[in-house]
Structures are given as structure tokens and as C-alpha cells.
Amino acid sequence: MSDLVTGDAVVLGLRPARLPSRGLAILLDLTLYVTGYVLISVGLTMATASLDEAARAAVGVASFLLFVVGVPIAVETLSHGRSLGKLACGLRVVRDDGGPIRFRHAMVRGAMGIVELILTFGSIACIASLVSARGRRLGDVFAGTLVVRERVPGTRVMPVPPPPPWLAGRFTGLDLSAVPDGLWLAIRQYLTRMNQLDPQVGAAMAVRLADDLVARTGTPPPAGVPAAAFLMAVVHERQSRDAARAFRSAAVAGPGAGSGAGFAPHPSPMPMPMPTPMPVAPPVAYVAPASVAPVAPVAPAEAPRAGGFAPPA
């Protein structure tokens, strides 16, 4: 994967295309261009039969340059780096900063393609692509472009294992507003891969993540709850809250909400009669006791420590 940094200091993870896929895309493009050139040449030969030999040669050279240089440049410029061959192979030409190419990039690539693709039968392009760390040919180097893969196979998202049944609904009152997204991501990655880790290493990671979660929530750790089970229960509680919030938003924005369909407003309720006031007893004077025993001051309770999960043996 190529880490390209944009002007806004954003790292783009792009997968550069390698020689086999690029060679197949170029072969498909050349096949289409040669087929079109042959058909046009036959038509031009029939149309220029009455001209002299020099005129026919000039028309032939012009049509050759048009299909070899002009058409690829126009196709890459108008399609923003997606020719028919690259589109079939899932490739695209982009700038070094990840943006779409323009006419000058396509022109440099097309001019260099005459030398390294046609005149040398692709040998220079193959050598340059094999030597380059990102699989670039000379046209890409001079134009400041890169051919990347657009269709990347997606990774399967593993579900978070459910918590033990005896922990269901135990953390409904837990405040999760101060937990950052980075900690949620780390907890989720651990829970989906904890069975692939060494038991001692996984237990140590669970204790560390649980202590961080307890410190963020400000609630003392539950007694007798393993760290991994605590993480499962809290993640399950967060997912339940997100699902309830989503269903609540969908119910509020249901059919007819805010559409102004002309429904009559709800009638105001009928005025209710005021209840009869009850008689109030006269106030009774408060008599202080003769002597009050002094009360010893109570020491403030020590705040619970954020953490407390036992480290693995």
C-alpha cells in the first residue's frame, strides 16, 4: 500500500497497480485502438483514392498519430484516468497527491508511451515498472502520476462476541460519553481477535483496555467480573444504545412527519375545575431539646481508583 500525503496532510492508503494488471489493461487499450485505426484507415483509403501519393501518406501519418497519441490522451483526460482497459481491470491513473489527472498529465503519459510502449514494444515500460517501488513507468515519473487499483477486495468484519448472560443489562446506567472513538476501536479489534492471541498476552491487553475504560467512565470496576467479559458487556451496551437511538430517530421522522399534509391540530383540553382547598392546620412552635449530643465529624470517603482489574497470573 502506498501512503500518499495530500496538501491537507491527509494520508491516503492507495494500492499501486503492478505489472501484470497494467500490462493487461494496456493490451486491451491497444487492441481497441488498433481495431479502430484499421477501420478508419480502410475508410480513408477509399476516400482518398483520387489524391496523389503524398497526400495519401500525409493522411495516413495523421490518422496514425491521432489514434496512437490523440485518442489515448483524450480518453484519459475525459475519463479522469479511466481508459477502457483500465476500467475493465479496475485501475485508474491519479496524481501523486491522489487527485484526478488533467490534460497535461495525460499528454506527458501519451508522449512517453510512444517511446516506451510502441517503439520498444513495451520493454522499457516493463523494466521501469519492475524497478519502481510503486510500479510506475517513465511516463508516470515525468507526468507525476500513479496507476492505482480501485477495486480492492473488502475485508470481512468480524462481529463482537456477546457478553455472558449474567451481565446482560448490568451497565445500563454507565456514562459512555467520555470514551473516545480510538478506545472503542481498540476494544473492538481486541474482542474480534482475542481468540487468536496468546492467553497471557490477551489477558494483559484486556486488563489494560478495561482499566482505560473504567478511567474514562468514572465508575469503579465491578467486583468479580473478568476484564474481557466487562469489555464485551460495555460494547454490547453501546451497540444497544446506538440501535435504540437510530430506531427512535426513524420513528420521529416517520411518514407524515413535517410534511404539512393538512392535518388538524390536536384540540385543546377542556378546562378542569379548581379543587376545593383543604383547611390548613395552624403552625406548631418548634421546641429545641434541652441538650444535644455533639456529633463527631465524618471523614470523606476515599474516591475509588479507576481500574482494579487483576493482572493475569
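Could you run through region 211-228 and say how many residues are buried (at least 21 other Cβ atoms within 10 Å of the Cβ) and under 29 Å from the mean Cα position of the chain (by Cα)?
3
Among the residues of region 153-166 satisfying the criterion of being open to solvent by 60 Å² or more (accessible area, probe 1.4 Å) and at pLDDT 55 or above, which is nearest to Val234 (Cα to Cα)? Break it down stepwise before answering.
From region 153-166, those open to solvent by 60 Å² or more (accessible area, probe 1.4 Å) are 153-159, 162, 165-166; that's our starting set.
Within this subset, residues satisfying the condition of being at pLDDT 55 or above are 156-159, 162, 165-166.
Details: Arg156: 23, Val157: 19, Met158: 17, Pro159: 15, Pro162: 10, Pro165: 13, Trp166: 13 Å.
Checking each candidate, the answer is Pro162.
Here's the yes/no breakdown for (1) open to solvent by 60 Å² or more (accessible area, probe 1.4 Å); (2) more than 25 Å from the chain's Cα centre (by Cα):
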residue: Leu51; (1), (2): yes, yes
residue: Val68; (1), (2): no, yes
residue: Gly85; (1), (2): no, yes
residue: Arg95; (1), (2): no, no
residue: Gly110; (1), (2): no, yes
residue: Val131; (1), (2): yes, yes
residue: Arg136; (1), (2): no, yes
residue: Ala143; (1), (2): no, yes
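Scan region 183-242 for residues that are closer than 18 Å to Pro159 by Cβ and among the charged types (D, E, K, R) and jot them down.
Scanning region 183-242 gives Arg188, Arg193, Glu237, Arg238, Arg241, Asp242.
Limited to region 16-47, what total is found for residues that are farther than 30 Å from Leu130 by Cα and open to solvent by less than 70 Å² (accessible area, probe 1.4 Å)? Don't jump to the end; show me each part of the working.
So the first thing to find is which residues in region 16-47 are farther than 30 Å from Leu130 by Cα, and the list is 36-47.
In the following step, the residues that additionally are open to solvent by less than 70 Å² (accessible area, probe 1.4 Å) were identified as 36-37, 41, 43-44.
Total meeting the criteria: 5.
Out of curiosity, is Thr45 more than 33 Å from the chain's Cα centre (by Cα) and among the polar types (S, T, N, Q)?
Working: more than 33 Å from the chain's Cα centre (by Cα): yes; among the polar types (S, T, N, Q): yes.
When the stated conditions are applied, Thr45 passes them.
Hey, could you check region 189-210 for residues that are open to solvent by 80 Å² or more (accessible area, probe 1.4 Å) and of a type outside the set (S, T, N, Q) and say which is farthest from Ala228 (Cα to Cα)? If you could, list the steps in order and put the result at the bottom.
Of region 189-210, the ones open to solvent by 80 Å² or more (accessible area, probe 1.4 Å) are 189, 193, 195-196, 198-200, 208.
Then drop every residue that is not of a type outside the set (S, T, N, Q), which leaves 193, 198-199, 208.
Values: Arg193: 12, Asp198: 14, Pro199: 12, Arg208: 10 Å.
Per the criteria, the residue is Asp198.
The values are calculated or read from the model by the stated rules, or taken from the named source; none is laboratory data. The model shown is predicted, which means the values in this text are computed figures rather than measured ones. Counting neighbours? That spans all protein chains shown, and the Cβs are built from the backbone with ideal geometry, glycine included. These accessible areas exclude ligands, DNA and RNA; they are computed on the full protein's heavy atoms, side chains included. Shrake-Rupley method; radii C 1.70, N 1.55, O 1.52, S 1.80 Å.
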